[in-house]
Amino acid sequence: MSTDLKTQLHEQLRTQRQAIRTNVQGLSEYDARLPRTPTGTNLLGLLKHVACCELGYFGVTFGRPAPHLPFPWDTPGVDPEDDTDLFATEDESMSEVLEWVRGCFAHADETIGALPIDAEGSVPWWRDGNVVTLGQVLGHMLQEEARHAGHADILREQVDGLTGYRGVGDNLPEWHEGRWREHHARLVRIAEAHR
């Protein structure tokens, strides 16, 4: 039996969400928040960002705002240019962010479930061609979340060495720690030979 396109895209979106969520699971507040790049990229921030995107694209775009789930920049005293969708602020606990994220994803799921794939919406923050269909938004968000899931995989590996989905279907070889060190050293030697 064939699954319809909307269902397939929705399942793929859920898979990307879970990949990012999994990379936050089991971490301390410190490790989840710690920036791991010069631009401040951090695991909890990536998860907060994709939830914020879903809240906008599957809420505002289709006339289904969620007043009970305020956008980070709508918090009183927050500068909209501060990119508070990319990190947990001083006043937010990790558990509060995770609860908000669950709400954003649930709201997106309700929109996706309620609308046909060709339902039209409007993206007010796009300058040109802001009329879209649910199918286009699903494709856009799949691309966005897959990109950030890859970021999250790399950041989590820096924390404790965990990689990929860490389960059935993982595409990494099951090498022991020494084998990974040998592999890394080999790649360094190859790079050095091409200086």
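Here, each number is a calculation from the coordinates, and none is a lab measurement. Quick caveat: nothing in here was measured; it's all calculated off a predicted structure. FYI the Cβ positions are ideal-geometry reconstructions off the backbone, even for glycines, and counts take in every protein chain you see.
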**OP:** Please arrange F71, F87 by counting, for each residue, the other beta carbons lying within 10 Å of its beta carbon, fewest first.
**Re:** F71, F87
Subject >> Likely footprinting exposure, E81, E144, E110, fewest C-beta neighbours within 10 Å first >> reply: E81, E110, E144
Subject >> q = 0.08, 0.10, 0.12, 0.17 Å⁻¹, the chain: log10 I(q)/I(0) [Debye, one scatterer per Cα] >> reply: -0.32, -0.49, -0.68, -1.16
Subject >> Positive-end residue, the chain charge dipole about Cα centroid, Cβ charges, pick of T37, H184, S122 >> reply: H184
Subject >> Mean separation of Cα contacts under 8 Å (6+ apart) over length of segment 1-115, as relative contact order % >> reply: 28
Subject >> the chain: relative contact order as a whole-number percent, Cα under 8 Å and 6+ apart >> reply: 26
Subject >> Size of electric dipole in segment 5-193: Cβ of Lys, Arg +1 and of Asp, Glu -1, about Cα centre, debye, nearest 20 >> reply: 700
Original post:
With a 10 Å Cβ neighbour count serving as the proxy for reagent exposure, in which order, fewest first, do R127, R21, R186, R64 appear?
Top reply: R127, R186, R64, R21
**OP:** Once you have the Cα-Cα distance between H194 and D118, take 0.36 nm times their residue separation minus that, and quote the gain in nm to one decimal.
**Re:** 22.3 nm
Original post:
Among A66, Q18, G113, which residue has its Cα positioned farthest towards the positive end of the charge dipole of the chain, with +1 placed on the Cβ of Lys and Arg, -1 on the Cβ of Asp and Glu, and the dipole taken about the Cα centre?
Top reply: Q18
**OP:** Quote the FRET efficiency, to the nearest 0.05, computed for L34 versus H68 with a Förster distance R0 of 30 Å and r equal to the Cβ-Cβ distance.
**Re:** 0.50
